[in-house]
């Protein structure tokens, strides 16, 4: 899932760049679910991609107000899955967890506001923003990206992660 707010229909170079970095940060974060030990490893992976893709004139900003989350008997359950590198300890990543991993990046201000429809979020300075999201299950055998047609095989391959299909 991706959304770019503020871009033109053809997609400017800036919009394509932001979208690419956001997607890359999502796959790195999903790989961290497979390789990491703690929930905060996920946010660390997002921030590493943002830092790696920075150049002298451009750096994506990480929107901190919105986060990923656990999914269980309801949406938006614990643990909170941050998209940045926090301090301190966090819950362990363990089998049985199902997490929505959803980095949101901007090419301007990380400050946002919600429109009167109580749904649409915009950056305070009108800059571009991009949001990518997948839901991933961690099992005792590995991970499976539940919202990806191939279970995440193509997206996780660059990170050396091979998803394990869920058993029936």
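Run lengths n ≥ 4 of DSSP H only: what is the helix-derived mean residue ellipticity at 222 nm for the chain, with -39500 (n - 2.57) per run over all residues, to the nearest 500?
-7500 deg cm²/dmol
Rounded to the nearest angstrom and ordered from largest down, what semi-axes does the equivalent ellipsoid of the chain get from its C-alpha gyration tensor (root of 5λ)?
Semi-axes (√(5λ), whole Å): 27, 17, 16.
With contacts defined as alpha carbon pairs under 8 Å and 6 or more residues apart, what's the relative contact order of the chain in percent?
Computed over the chain, the figure is 25 percent.
Could you work out how much longer the chain between residue 153 and residue 38 gets when fully extended? Use 0.36 nm per residue separation minus the Cα distance between them, nm to one decimal.
39.2 nm
From the Cα gyration tensor of the range 69-151, with a ≥ b ≥ c the square roots of its eigenvalues, which class applies: rounded if a/c is under 1.5, or else prolate if a/b is larger than b/c, or else oblate?
prolate
Calculate, in nm to one decimal, what residue 13 and residue 89 gain on full extension: separation in residues at 0.36 nm each, minus their alpha carbon distance.
Length gained between residue 13 and residue 89: 23.5 nm.
Which of 118, 150, 44 ends up with the largest GNM mean-square fluctuation for the chain, with Cα atoms connected below 10 Å?
118
Mean-square fluctuation check for the chain, GNM, Cα pairs under 10 Å: which of 23, 133, 59 is largest?
Answer for the Gaussian network model of the chain: 59.
Taking only Cα atoms and a 10 Å spring cutoff, compute GNM fluctuations for the chain and point out the largest among 29, 137, 74.
74
Expressed as an acute angle from 0 to 90° and rounded to the nearest 10, what is the orientation of the C-alpha long axis of helix 13-35 relative to the principal long axis of the chain?
Once rounded, the angle reads 20 degrees.
In degrees between 0 and 90, to the nearest 10, how far off the longest principal axis of the chain does helix 40-52 point, with axes built from Cα atoms?
Helix 40-52 and the main axis of the chain meet at about 40 degrees.
Every number in this text was worked out from the coordinates using simple rules, so none of it is lab data. Computed from a prediction, not measured in an experiment: that's the story for all the values here.
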